[in-house]
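Read through the structure below, which is laid out as structure tokens, and then see the notes.
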Amino acid sequence: MPGGLILTGGRLITADPELPEAEAIAIRGGIIVAVGSNADALAFRAPGVEVIDLKGRTVLPAFNDAHCHPMAIGLAAGQVDVSPYEAPDIGTLLGRIRDRAASTPPGRWILARGYDDTRLAERRHPSREELDRAAPHNPVLITRACLHVGAANTQALREAGITRDTPDPPGGTIDRDSRGEPTGVVREAALEMARRAVPKPTVDELEDALRRAAEIYHSHGVTSVAEAGVRRPEEMEAYQRVRESGGPLLLRTYLMVILDEMLEEFSGTGLRTGFGDDLLRLGPAKIFLDGSIGGHTARMREPYAGEPGNRGLWMQDPEEMKRKIRRAHALGWQCTAHAIGDASIDLLLDAYEEALAENPRRNTRHRIEHCEFVTDPQVFDRIARLGCVPVPGTTFLHDFRPLYDASLGRDRLRYANAMRSFIEHGIVAAASSDAPVCSVDPLLGIRTMMTRRDFAGEEAFPEESISFEEAVYAYTAAGAYASFEEHIKGSLSPGKVGDVTVLGADVRQVKPEEIPEIGVDLTVMAGEVVHPA
Ligand SMILES: [Zn+2]
């Protein structure tokens, strides 16, 4: 509302220790001007100021997803959805491809996602010929829900260089019929061959993707994100275009810059972490240290369960990675790294320690993306001493607990995403979804931080559970701290941006397990209602 917005009769959980709870809030000129009683907020009543009675619903600072991939979310949302819910049989699936083809210029790729041959009525993959008939003038690639298998049409195979004479690539399979012709089904490395043939998205396409991502995030009460890595100038350009055009489809974005691809170019101009404004800001220089638990590539101190020789991977030579971090630190950047396994967390802390010894700097807030598998509680003391900010994937246990258990054994989950231990050691840990790896929904992350339960209800070390208020702090104020923006956002406090989320009910009336079901009724950004649109 240009005039302003007043929300009364709510149960505000502010994430501000000065006034943790309140019943009303007033926003003017995009900034919070009052938090307190209904009378305090209504004092700002004036013509053109909208007043909404919340009838006891919970009000929070809008969420800040401290590690996610909005561009990837938006690009995936732009693909044709052929998941079992939308396309229960092959006829429906082909109909959706045909509809998209009707509005797609000839020659442009049509990408679809989410089919599952075992859940289609026919219990098979769509054939290359069927996809040809649905889109005769476009390459088509549809990816199975698992992301490891796809089905392509003839034109897509041709552009990927896959013919009957192409041998299976190492680590992949090109399915063939009885005559030896490719059926269109490509697995693993063969799917990668097809993916590589898809042209990189243009700036226009990236811009559309960012608007779609903002819409999705707003519907879940999120107005701030940290984009976990730009690596192409086109991506920077798209973010800047969206920033300039304004309007409601914006997210306040903190941009991690992939060190290998872009750091030197930025640094040549003198730009570094913090440049920008409350809508778009340069974030940390990022590097990848290791892989994932699912792929058994996260770097561990001890081998994976049942694989005595496998402790995971380093993405590059460890000394080289440390050198890169020291360089970014010396240039004045906030640094960060993808570090999931305990050994890569050790290496990153070594790098930060050496960097700080070489070039003492205060208030660096060097980050640890994921920081998942601390296995030795002494590591918490090191994180605290170095002033680092872990950014755990706070929905990971919900999605992956059984996989972790099978890959590492139960004992190594003791300090996985250890929110309680972080708090006890005075460490500010910022919650994140890592979407599209997990759902964008912060309420699912909050439930997981509170219950430590997976999708099947199985619990992992409830010693690390935290309260609703602590989980909200991790998803709001801690994210603002991780981007050096705690003075402008992250809590419902006078003088901060008017970004507010109203849940669908009073959260204290529902069990932690049911919190995701209450959903988000209202998302406000700079005093404007951005959800519902
Ligand atoms: Zn990520």
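Quick notes on this structure:
- Likely footprinting exposure, Phe400, Phe266, fewest C-beta neighbours within 10 Å first: Phe266, Phe400
- Tensor-based shape of the stretch 391-452 (alpha-carbon gyration tensor, a/c under 1.5 rounded, otherwise prolate or oblate): oblate
- Taking 29 Å as the straight-line reach from the Cα of Lys511, the lysines in range (excluding those fewer than 8 positions away in the same chain) are Lys55, Lys489.
- Inter-part distance where the stretch 129-181 and the stretch 447-501 are each reduced to a Cα centre, Å: 44
- Cα gyration tensor, the stretch 365-512 - rounded (a/c under 1.5), prolate or oblate: oblate
- Neighbour counts of other Cβ atoms within 10 Å put Tyr85, Tyr415, Tyr475, Tyr352 in the fewest-to-most order Tyr85, Tyr415, Tyr352, Tyr475.
- Taking a straight Cα-Cα cut-off under 26 Å and skipping sequence neighbours fewer than 8 places away in the same chain, the lysines within cross-link reach of Lys324 are Lys286.
- Considering only the chain, percent of DSSP beta bridges that pair antiparallel, nearest 5: 50
- Taking the chain and dividing mean pair separation by its residue count, relative contact order in percent (alpha carbons under 8 Å, at least six apart): 17
- Antiparallel content of DSSP bridges confined to the stretch 285-393, in %, to 5: 10
- For the stretch 518-533, the Karplus equation 6.51 cos²θ - 1.76 cosθ + 1.60, evaluated at θ = phi - 60°, returns couplings of 6, x, 10, 8, 8, 10, 10, 10, 6, x, 9, 6, 9, 8, x, 4 Hz by residue, with Gly and Pro reported as x.
- Across the chain, Cα-Cα pairs farther apart than 29 Å form 56% of the total.
- Per-residue [θ]222 nm for the chain (sum of -39500 (n - 2.57) over DSSP H runs n ≥ 4, rounded to 500): -9500 deg cm²/dmol
- Ile110 long-range amide H proximity, modeled H, under 5 Å: Val140, Leu141
- The stretch 313-385: C-alpha gyration tensor shape, a/c 1.5 cut-off, then a/b vs b/c: oblate
- Amide H within-cut-off set for Arg176, under 5 Å, with H built and near neighbours excluded: Thr183
- Integer Hz, Karplus 6.51/-1.76/1.60 couplings in order for the stretch 140-151, x for Gly and Pro: 10, 9, 10, 9, 5, 3, 6, 6, 9, 9, x, 10
- Listed by Cβ neighbour count within 10 Å, with the fewest neighbours leading, Cys388, Cys438, Cys335 appear as Cys438, Cys388, Cys335.
- Phi-based couplings in Hz for the stretch 498-509 (Karplus 6.51, -1.76, 1.60; Gly and Pro marked x): x, 10, 9, 10, 10, 6, x, 7, 7, 4, 6, 8
- Near the amide H of His67, within less than 5 Å, lie the amide hydrogens of Ala226, Ser433, Asp434, all on another chain or at least 5 residues away, with H placed in the peptide plane.
No lab work stands behind these numbers, since they all come straight from the coordinates. Just so it is clear, the structure is predicted and the values come from calculations on it, not from any experiment. Note that each Cβ is placed from the backbone with ideal geometry, even for glycine, and that neighbours are counted across all protein chains shown.
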